[in-house]
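Asks: Structure provided below as structure tokens; questions to follow.
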Amino acid sequence: MIQIVQMEPGAYRYLKQHGNYADGTMLSLSFYNTQEKPSPAVDGVVQKDLASFEIHILDREKYSDKRAFFLFQNGDNTAGMIPKGNACIDCHEKDAEYDGTFVQFYPVLRDRLLPEGL
Ligand code: HEC
């Protein structure tokens with residue numbers, strides 16, 4: 001699968017300006033299946049259809065965990081918040097290097113937000 005992370009542009013501008021996430025910042029992670037025989041043939045893989053996507057909202061005021069996670073599957077366009085104490089929060093808080101987000105994989109933000117870069 002190909003995974004694509006996106007952040008709402010206003011939230012990204014705020015992050016670059018202030019060096020922290022605004023309450024209400026929303027990130028998405030989309031999972032795309034890959035084409036078996038793309039035309040023209042390419043080295044590597046290209047996107048096919050959307051398989052599922054996930055949303056991560058950061059909000060210190062609204063959520064006691066400071067964040068909430070949502071999983072959209074099977075073409076759903078609504079999803080309930082995954083209840084507290086879930087694996088999403090555990091992994092993001094343990095392994096993500098900047099406020100529960102994986103900034104360590106993104107060079108522009110990594111250089112700006114992580115003290116040592118990488
Ligand atoms: C075992 C670790 C792990 C678990 C469990 C996990 N994630 Fe993630 N998540 C990651 C990693 C690693 C990335 C970075 C992916 C990338 O940048 O390509 C990520 C990125 C994301 C992003 C986009 C950017 C960000 O950093 O927030 C969203 C949204 C997301 N995950 C939602 C979820 C949801 C919803 C769940 C639970 C259903 C979940 N994740 C569970 C490891 C995890």
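Derivation of every value follows stated rules applied to the coordinates shown; laboratory data play no part. Keep in mind the model is a prediction, meaning the values are calculated, not measured. Quick reminder, even Gly has a Cβ in these numbers, built from the backbone with ideal geometry, and neighbours come from all protein chains shown.
Asks: Assuming a viscosity of 1.306 mPa s and a temperature of 10 °C, what translational diffusion coefficient in µm² per second does Stokes-Einstein assign to segment 11-64, Rh being the Kirkwood radius over Cα pairs?
Replies: 114 µm²/s
Asks: Separate question: Please report the projected area of segment 73-118's Cα convex hull averaged over all directions, in nm².
Replies: Here the figure is 4.7 nm², rounded to one decimal.
Asks: Sticking with this structure for a sec: Give me the tail of P(r) for the chain as a percent: Cα-Cα pairs with distance above 17 Å.
Replies: Here the tail beyond 17 Å accounts for 63 percent of pairs.
Asks: Another question about this same structure. Nearest 500 deg cm²/dmol is fine: what mean residue ellipticity at 222 nm does the chain get from its DSSP H runs of n ≥ 4 alone, each adding -39,500 (n - 2.57), divided by its residue count?
Replies: Roughly -6000 deg cm²/dmol at 222 nm, from the helical runs in the chain.
Asks: Given a cut-off of 26 Å, name the pairs among LYS16/LYS94; LYS16/LYS84; LYS16/LYS66; LYS66/LYS94 whose C-alpha atoms lie farther apart than that in the structure shown.
Replies: The answer is LYS16/LYS84.
Asks: Same structure, new question: Counting only other residues whose beta carbon sits under 13 Å from that of ALA11, what net charge do I get with K and R as +1, D and E as -1?
Replies: So the surrounding residues net to -2.
Asks: What does the charge count near TYR32 come to, summing +1 for each Lys or Arg and -1 for each Asp or Glu among other residues with Cβ under 9 Å from its Cβ?
Replies: Combined, the nearby Lys, Arg, Asp and Glu give 0.
Asks: Taking the mean number of other Cβ atoms within 10 Å as a proxy for protection, how do you rank 32-43, 88-99 from highest to lowest?
Replies: Output ranking for 32-43, 88-99: 88-99, 32-43.
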